[in-house]
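Everything on this sheet refers to the single structure shown next.
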Amino acid sequence: MQRFLVRRLIITFITLLAVSLIIFIMARASGDPRTLMLSELSTGDVDQWEELGEKLGLNKPYYEQYGIFLRDMLTGNFGKSIKENREAADIIWERLVATFQLGMAAFAFSLIVGIPLGILSSVNRGGILDNIGKVVALIGQSAPPFWIGIMLIFFFAVQLGWVPPSGREDWKGIILPAVTLGWFFVAANMRLVRSAMLDVLDSEYVKLARAKGVSSKMIIWKHALRNALIPPLTFAGVTMGSLVAGSLTTEVVFAWPGLGRLAVNAMLASDYPVLQGVVITYTVLYVGAAFLVDVLYAYIDPRIRYT
């Protein structure tokens, strides 16, 4: 198992290195960043141009610039925001807290609702609960998130007044965006768990356990569910990375101050230090979630441990 985790850790490091190289190349391909920092240049600004190039290391060869970029990335130094004239890392951290709260709330909602619904649908195949689960999955995977968000705002915020329609001032403000963001993954988790459970419940060892008189609860929760968790677990890792990274649509609909809105605003303002930092943060979140799934694999699936 240790060799398995070491290999995954090496792959994670290589992935981060490759992404950093892509970000570096794309940043340089878009043009000299000094043109964004020093607008309306004139002939008398040549000294300022050279001074800024010396400060940012832009007058050095590309391999040295990439080394500086890696060093700054590892220390969390993304430079100063062009728009707000303060450290980009501070701006990202402020938004990351809000995005993390929303992402984890949506992730918890997708698991708490999706997994039990999938189990109930598989156990009651063709029954009422199975049909209800299919309807939930159909709505979650076919309805656009912005439409779901608008409908939730209309019914629960405008008509009933139970929760605020937008913002992050009140703890109730996270309920509607978390449901909106997590509904698609509720549907996906439900379908994956249902399919995996049906495969396991039809397997020979489950039939043998029933023939030996093992109770239905023991079969479902101990024998079937644990062996059916591998496909949903893979999707849960991707889900966690996606949800923690945030959803632009949900953040815009509910005016949630997360990384998604920050990335769009930075792109519109040509604030490349902030945009670059957001992309790196996204990458770390995704890759970290994938590595966490690999670790859980090693503990859940005995075939990986023994291999």
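Heavy atoms only, 1.4 Å probe, whole protein assembly: order Met240, Met190, Met26 by accessible area, highest first.
Accessible-area ranking of Met240, Met190, Met26, largest first: Met26, Met240, Met190.
Stretched out fully, how many nm does the piece from Lys207 to Ile230 gain, at 0.36 nm a residue minus the Cα gap?
6.2 nm
Report Ile112's accessible area, 1.4 Å probe, all protein chains in place, as a number in Å² to the nearest 10.
120 Å²
Looking at the square roots a ≥ b ≥ c of the eigenvalues of the Cα gyration tensor of segment 68-133, which shape do they give, rounded for a/c under 1.5, prolate if a/b is larger than b/c, or oblate?
The shape class here is prolate.
What's the whole-number percent of alpha carbon pairs in segment 183-292 lying beyond 19 angstrom?
Here the long-distance tail beyond 19 Å is 60 percent of all Cα pairs in segment 183-292.
Tell me, in nm to one decimal, what length is gained between Ser215 and Ala255 on full extension, where the rule is 0.36 nm per residue of separation less the Cα-Cα distance?
Here the answer is 9.4 nm.
What shape does segment 111-156 have by the C-alpha gyration tensor, where a ≥ b ≥ c are the square roots of the eigenvalues, rounded means a/c under 1.5, and otherwise prolate means a/b greater than b/c and oblate the rest?
In terms of gyration-tensor shape, prolate.
Please report Rg over Rh for segment 95-239, where both radii come from the alpha carbon positions and Rh follows the Kirkwood definition.
In segment 95-239, Rg relative to Rh is 1.07.
If all Cα-Cα distances of segment 160-240 are sorted into 10 Å bins from 0 onward, what percent lands in each bin, rounded to whole numbers?
In whole percents, the pair-distance histogram is 16, 31, 22, 18, 10, 3.
Excluding ligands and nucleic acids, what accessible area in Å² is computed for Tyr66 using a 1.4 Å probe, to the nearest 10?
40 Å²
If one computes the Cα centroid of segment 244-283 and of segment 162-186, what distance in Å separates the two points?
Here the answer is 18 Å between Cα centres.
Please list 3J(HN,Hα) in residue order for segment 209-221, calculated via the Karplus relation 6.51 cos²θ - 1.76 cosθ + 1.60 where θ = phi - 60°; whole Hz, with x for glycine and proline.
Karplus-based 3J(HN,Hα) across segment 209-221 equals 5, 5, 5, 7, x, 5, 5, 5, 4, 5, 5, 6, 8 Hz.
The values are calculated or read from the model by the stated rules, or taken from the named source; none is laboratory data. Since the model is a prediction, treat every value here as computed from it, not as a measurement. The area values use the complete protein model at the heavy-atom level, side chains included, leaving out ligands, DNA and RNA. Shrake-Rupley method; radii C 1.70, N 1.55, O 1.52, S 1.80 Å.
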